[in-house]
Amino acid sequence: MSKKPILKVEKLNKTFKLRKSKLMEEQKILHALSDVSLEIFEGETMGIIGESGCGKSTFGRCLVRLHDATSGKILFDGAEINEKKGAELKALRRDIQMIFQDPYSSLNPRKTAGNIIEEPLIVHGIGDTKARKEKVKSLMKEVGLNDQHIHRYPHEFSGGQRQRINVARALALNPKIIVCDEPVSALDVSVQAQVLNLLNSIQRQYNLTMVFISHDLSVIKHVSDRIAIMYLGRIVEICRAEEIYKNPKHPYTQLLLSAIPPETPFEKTKKIELKGEIPSPVGEQVGCPFASRCKHVMDKCRVEIPELIETGDNHRVACFLY
């Protein structure tokens, strides 16, 4: 892993305007991401984890410009990607690719596997017909598919095979970064292991940088170099993967880890009891987003939003306890 950040996110915000109804007196705003800042280093896997609705997928889509940021910066190799348009944006697509959560809906049902993998090469004008066909065969072999699969349609594959097609398509343009948005959540456990092993193998082979988004604590533990914990659109803790499981500092991280089932039936784990309601992401955000559920809440937490601070050994936490 390089010490050079290939992707730098600074104070990233993303809001959505809710559909206005006759009962609404004024336009309401949903805050999907709020002041998200982190660095992703070349060759590493950055895990992003949190409960459903915390903004993980929105963050991933902002990285690949499927969503435009409301404010803040995303710097790729030092250049602001939110400013790119036309040919510059098209060139960016070659460097940052995405693997989507649903392996079926992310594939065109009217195209064969070979056509799907070849399409990025055609769009970017890479190679002639013969060279592209050879590239498709090579990619399919790398992801564990064979020549017989080239002319099959998505409905003729299993879930794991469809996700392998997605991986091959993402690799077609030789990207520098791949954003994986819950790539194994729709798969059976045994198939999950196969796809995760494939992603690890491909990362080593191509020296890829990965952003791995998941809600599964056991999955993300084994694939990530560092992990960022998200809660209600904000990052509340970042550190090395092994450190976050040994020494979780933010109360929300401690809560998440206490929910992991024990590895053996005889192992005892202390589950943290959760009280309080999740605050609404709609409207003005006041105070720490976890204040309504935190057993350590202080008066300060209800009126101020804590910043991510260094607590030692590249471990950063957004909590007034530190």
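Read-outs: derived from the displayed coordinates by stated rules, not from any lab. Here the structure is a predicted model, which is why all the values come from computation and not from measurement. When we count neighbours, we look across all protein chains shown, and the Cβ atoms used for this are built from the backbone with ideal geometry, even at glycine.
Here is how the numbers come out for the structure above:
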quantity: Distance (nanometres) between label positions extended 7 Å along Cα→Cβ at Leu66 and Ala91; calculated: 2.5
quantity: Cysteines without a disulfide-compatible partner [the chain; Cβ-Cβ under 4.7 Å]; calculated: Cys54, Cys62, Cys180, Cys239, Cys294, Cys319
quantity: Chain lengthening between Lys275 and Asp77 when straightened (0.36 nm per residue, less Cα-Cα); calculated: 67.0 nm
quantity: Kirkwood hydrodynamic radius of segment 51-143, from inverse mean 1/r over distinct Cα pairs, in Å; calculated: 15.5
quantity: For segment 173-322, diffusion coefficient by Stokes-Einstein and Kirkwood Rh (Cα), 37 °C, 0.692 mPa s, µm²/s; calculated: 189
quantity: Straight-distance crosslink candidates among lysines, where the alpha carbon sits under 23 Å from Lys3 and sequence neighbours closer than 8 are dropped; calculated: Lys11, Lys73, Lys176, Lys221
quantity: In segment 80-138, lysine pairs with alpha-carbon atoms under 19 angstrom apart (chain gap of 8 or more, or interchain); calculated: 4
quantity: Cα shape, segment 121-253, gyration tensor, a/c 1.5 rule; calculated: prolate
quantity: Most fluctuating residue given options Asp216, Asp95, Asp128, as computed from a GNM of the chain linking Cα atoms under 10 Å; calculated: Asp128
quantity: Angle in degrees between helix 129-142 and the longest Cα principal axis of the chain, rounded to the nearest 10; calculated: 50
quantity: Amide H partners (placed H, <5 Å) of Ala228, local residues excluded; calculated: Gly47, Ile48, Ile49
quantity: Gain on full stretching of the segment that runs from His151 to Lys300 - 0.36 nm per residue minus C-alpha separation; calculated: 47.5 nm
quantity: Cα gyration tensor category, rounded, prolate or oblate, for segment 106-146 with a/c compared to 1.5; calculated: oblate
quantity: Ratio of Rg to Rh over the chain (Cα coordinates, Kirkwood Rh, two decimals); calculated: 0.99
quantity: Cα shape, segment 15-67, gyration tensor, a/c 1.5 rule; calculated: prolate
quantity: Cα-based helix-to-principal-axis angle, 159-171 vs the chain, degrees rounded to 10; calculated: 80
quantity: Acute angle (nearest 10 degrees) that the helix 189-206 long axis makes with the longest principal axis of the chain, alpha-carbon atoms; calculated: 70
quantity: For the chain, calculated [θ]222 nm from helices alone, where every DSSP H run of n ≥ 4 adds -39500 (n - 2.57); calculated: -9000 deg cm²/dmol
